[in-house]
1. Could you tell me whether GLY23 is touching a residue at least 60 places away in the same chain (Cβ under 8 Å), surrounded by fewer than 16 Cβ atoms within 10 Å (Cβ to Cβ) and on the phi > 0 side of the Ramachandran plot?
2. Consider region 142-172. How many of its residues are within 16 Å of the ligand (Cβ to nearest atom) and either buried (at least 16 other Cβ atoms within 10 Å of the Cβ) or in a helix (DSSP H, G or I) (or both)?
3. Among the residues of region 324-338 satisfying the criterion of being touching a residue at least 40 places away in the same chain (Cβ under 8 Å) and out of contact with any Leu (no Cβ under 9 Å at 6 or more places or on another chain), which is surrounded by the fewest Cβ atoms within 10 Å (Cβ to Cβ)?
4. Using the structure shown, decide if ARG220 is more than 30 Å from GLN21 (Cα to Cα), of a type in the set (Lys, Arg) and over 12 Å from the mean Cα position of the chain (by Cα).
5. With the checklist (1) touching a Gly at 6+ places or on another chain (Cβ under 9 Å); (2) without any contact (Cβ under 8 Å) to a residue 24 or more places away in the chain in hand, flag the one item GLU204 doesn't pass.
6. Do the conditions hold for ILE213, that is, is it among the aliphatic types (A, V, I, L, M), closer than 28 Å to VAL316 by Cα and assigned by TED's automatic domain parsing to the domain that holds GLU39?
7. From the residues in region 207-223 that are small (Gly, Ala, Ser) and modelled with pLDDT of 95 or more, which one is nearest to the ligand (Cβ to nearest atom)?
Amino acid sequence: ARPASNAAAAPYLEVIEVGKQFGTFVALHRVNLSVQPGEFVTFLGPSGCGKTTLLRGIAGLDPPTSGRIRQAGRDITFLPPAERDFGIVFQSYALFPNLSVTQNVAYGLRGPAWPKARARQRVAELLDIVGLSDQAAKYPAQLSGGQQQRVALARALANEPGLLLLDEPLSALDAIVRQHLRQEIRSLQQRLGVTTVMVTHDQEEAMGVSDRIVVMARGRIEQIGTPAEVYDAPASPFVAAFIGHSSRFEAVVDSPPGFVVARGHRLAATAARSLLYGARVTVFIRPEHVLLHRADAAPPGALTGRVTALEYLGAVCRVSVEAGGLPLLAAVAPQEIGALGAMPGGEIAAVLPADRLLVFPADE
Ligand code: ATP
């Protein structure tokens, strides 16, 4: 009989109720996470949220104080790093300065599994994969930052590890190299099918490469979801504020259900339907969802006010508006700015579509 092929795949990596304390300071509170085979998962969050601590726990560099970690069904919680099956790339390239590119990549290819000829072939293959075949004889100091990070990547992948760990691998590089290399890492990861966990504090980077993003804050997981899920349906005010540049304002739930009042303005808000009359809420709206109109052609129900700032960012203009007493940020195509008559200090009207308002019960 054939095994059931439609059974859900077993997770490759499981983090179960993992906690980490440094003295009395709690860096991780009972974190749970499953990563599927071949998945690219990113830990995203502000400085100090615990993402590096979690990655180090997964690598065995600093085991958790509670909980378990399983890789390929095996409990690895307290297994020393040397006995684990992973490759890792750090922010600072961490190459051996006195070894050539070839020697750096070959470093882990020792022992009976790697006879000389096979190791040499594997190094050539890896240098080809990361596009450094013509740099093989150079030393790290003779390479650019991006090239050094490619060497580190080749070295991390040399042993064909089951798990690739990336600790802010791109943050020391300049913007253009960073964007280029992150796409290379993603396509390489997909080609090899290696399960990958990356730490970053750069949301654009996380959105660009991940199958799923783990958004963290203060030692807790706030949300796990695809880039679209964390952007379109943030699970908490923290996620709504951290991902994307949103307008944010306080409001109170009004009646009938589906309305809120902010600064004396009544706004239809689909997401408020299930909330109790009188509840205090925090409302977010993404810049691309704020619809601007000429003040002299404001549709019924629009908020009117003034443009406070206009930033030209190339593909879009970011227009800061104070409308109906609310601070709003709108993204507008540059070619529409003229027709809107938008200029700093000028009058403008804004419509906030009911189904675009993200509504969260206020804290406390
Ligand atoms: P960053 O982006 O700044 O690296 P992070 O999210 O990776 O931040 P961690 O490095 O995981 O954060 O640190 C989480 C918290 O744990 C921080 O408040 C940090 O000060 C604390 N911490 C980390 N390592 C230690 C340690 N060895 N001893 C004491 N506290 C630590």
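1. Values: touching a residue at least 60 places away in the same chain (Cβ under 8 Å): no; surrounded by fewer than 16 Cβ atoms within 10 Å (Cβ to Cβ): yes; on the phi > 0 side of the Ramachandran plot: yes.
Criteria not met by GLY23.
2. Going residue by residue through region 142-172, those that are within 16 Å of the ligand (Cβ to nearest atom) are 165-172.
Then drop every residue that is not either buried (at least 16 other Cβ atoms within 10 Å of the Cβ) or in a helix (DSSP H, G or I) (or both), which leaves 165-170, 172.
Here the count works out to 7.
3. Across region 324-338, the extreme among qualifying residues is PRO327.
4. Working: more than 30 Å from GLN21 (Cα to Cα): no; of a type in the set (Lys, Arg): yes; over 12 Å from the mean Cα position of the chain (by Cα): yes.
So ARG220 does not fit the description; no.
5. (1)
6. Working: among the aliphatic types (A, V, I, L, M): yes; closer than 28 Å to VAL316 by Cα: yes; assigned by TED's automatic domain parsing to the domain that holds GLU39: yes.
For ILE213, the condition - among the aliphatic types (A, V, I, L, M), closer than 28 Å to VAL316 by Cα and assigned by TED's automatic domain parsing to the domain that holds GLU39 - is met.
7. If we filter region 207-223 for residues that are small (Gly, Ala, Ser), which is where we start, we get 208, 210, 217, 219.
Those left that are additionally modelled with pLDDT of 95 or more: 210, 217, 219.
On the way: SER210: 16, ALA217: 9, GLY219: 7 Å.
Restricting to residues being small (Gly, Ala, Ser) and modelled with pLDDT of 95 or more, the top hit is GLY219.
Residue-wise test of (1) surrounded by 18 or more Cβ atoms within 10 Å (Cβ to Cβ); (2) in the same structural domain as LEU166 (by TED's automatic domain parsing).
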| site | (1), (2) |
| --- | --- |
| VAL209 | yes, yes |
| ARG218 | no, yes |
| SER236 | no, yes |
| GLY264 | no, no |
| ALA269 | yes, no |
| ARG273 | no, no |
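The values are calculated or read from the model by the stated rules, or taken from the named source; none is laboratory data. Since this is a predicted model, take the numbers as computed values, not measurements. We place every Cβ from the backbone using ideal geometry, glycine too, and count neighbours over all the protein chains shown.
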